[in-house]
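Encoded as structure tokens, the structure appears first; notes follow it.
The values are calculated or read from the model by the stated rules, or taken from the named source; none is laboratory data. Every value quoted in this text rests on a predicted model; they were computed, and no experiment measured them. Here the Cβ is made from the backbone with ideal geometry for all residues, glycine too, and neighbour counts use every protein chain on show. The accessibility values were calculated without ligands, DNA or RNA, using every heavy atom of the protein model including side chains. Shrake-Rupley method; radii C 1.70, N 1.55, O 1.52, S 1.80 Å.
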Amino acid sequence: ELRNLKQTDFTGLILEATKILSSTKAFLPYKHVMVDEFQDISKDRWAFIESIRANNPEIEFTFVGDDWQAINEFAGSDPEIMIGLGNWGKNREQLFLSETFRMPQSLCEYSGEFVMQNSRQIPKELIAKGETAGFSQSLNFYWDTDPIDHLANIKQVVKNIGKDSEDSNCELFILARFNKSLPRFSDVDHLWAGPVSISTIHRAKGLEADHVIVL
């Protein structure tokens, strides 16, 4: 249909730009290029970056990415490109952004141990900062709940959380992988005195709450 309309999609734009840069010399006046979300780089986008570099070898590149967040292989991304960047024959400086203000140190260790089960991940150690850094009770597993009845599970977990559920300043997130797994707001709002948010995990990326229930 795109061909019939004589239009293209995003990948087509990348391929066409690569073709133009590869056939033109000294076209780009830039001194520095930053590539963000580098863990999502794909072979066609990497070819585009290589064409920028070939067009103007004086450009300095900064790549920012986290291989622990590489989840888009279904869309063509290849984190091996980031891991193998050493094949660029130039001086490189690698900086680890290891400090986080989003979670306690205990959760850094739990999640890091889980992610590092994959031997292809770049080893790194997260250091928690901020007022919640030393909070030890950061992760609880409830295996005695019924995964079919999410609302019953939520009620049980709220009961286990205890007095914080009665604090009007305490915020609760209820997260699930799919929308169909989430409860109705009206079924859970009365269980918690403070603000309650219901969301998929993907949509909640970067947000924070005092308590998070992951179904």
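A few points about this structure:
- Cα gyration tensor of region 1-42 - equivalent ellipsoid semi-axes, whole Å, descending: 24, 17, 8
- Each Lys and Arg Cβ is given +1 and each Asp and Glu Cβ -1; about its Cα centre, the chain then shows a dipole of about 800 debye.
- Shown are TYR30, TYR142, TYR110, whose ranking by accessible area with a 1.4 Å probe and every protein chain present, most to least, is TYR30, TYR110, TYR142.
- Distant alpha-carbon pairs in region 145-215 (separation over 16 angstrom), percent: 42 percent
- Theoretical FRET efficiency, 1/(1+(r/R0)^6), r = Cβ-Cβ of LYS180 and GLU37, R0 35 Å, to 0.05: 0.80
- Eligible aspartates and glutamates near LYS180 by straight Cα distance, threshold 17 Å, same-chain separation 8 or greater: ASP146, ASP149
- As a calculated quantity, the FRET efficiency between GLU208 and ILE127 at R0 = 22 Å, using C-beta atoms, amounts to about 0.80.
- Counting DSSP beta bridges with both ends in the chain, the antiparallel % (nearest 5): 5 percent
- Translational D in µm²/s for the chain (Stokes-Einstein at 10 °C, 1.306 mPa s, Kirkwood Rh from C-alpha pairs): 75 µm²/s
- Straight-line reach from LYS124: taking Cα to Cα under 13 Å and skipping same-chain neighbours fewer than 8 places apart, the aspartates and glutamates in range are ASP66, ASP67, GLU99, GLU109, GLU113.
- Anchor LYS25: lysines whose Cα lies under 21 Å away (excluding residues fewer than 8 positions away in-chain): LYS90
- Heavy atoms of HIS202 accessible to a 1.4 Å probe, total area in Å² rounded to 10: 150 Å²
- Helix-only [θ]222 nm of the chain, DSSP H runs n ≥ 4, -39500 (n - 2.57) each, per residue, nearest 500: -8000 deg cm²/dmol
- Accessible surface of region 7-132 [probe 1.4 Å, protein heavy atoms]: carbon and sulfur percent: 55 percent
- Looking at region 67-120, the GluC sites (Glu not before Pro) that sit in a DSSP loop and have at most 13 other Cβ atoms within 10 Å of their own Cβ are GLU93.
- Leading residue at positive end of dipole, region 61-215 (Cβ point charges), from LEU139, ALA204, GLY162: ALA204
- Relative contact order (%) - criterion: Cα under 8 Å, at least six apart; region: region 159-205: 47 percent
- Dipole magnitude for region 97-215: computed about the Cα centre from +1 point charges on Lys and Arg Cβ and -1 point charges on Asp and Glu Cβ, it is near 500 debye.
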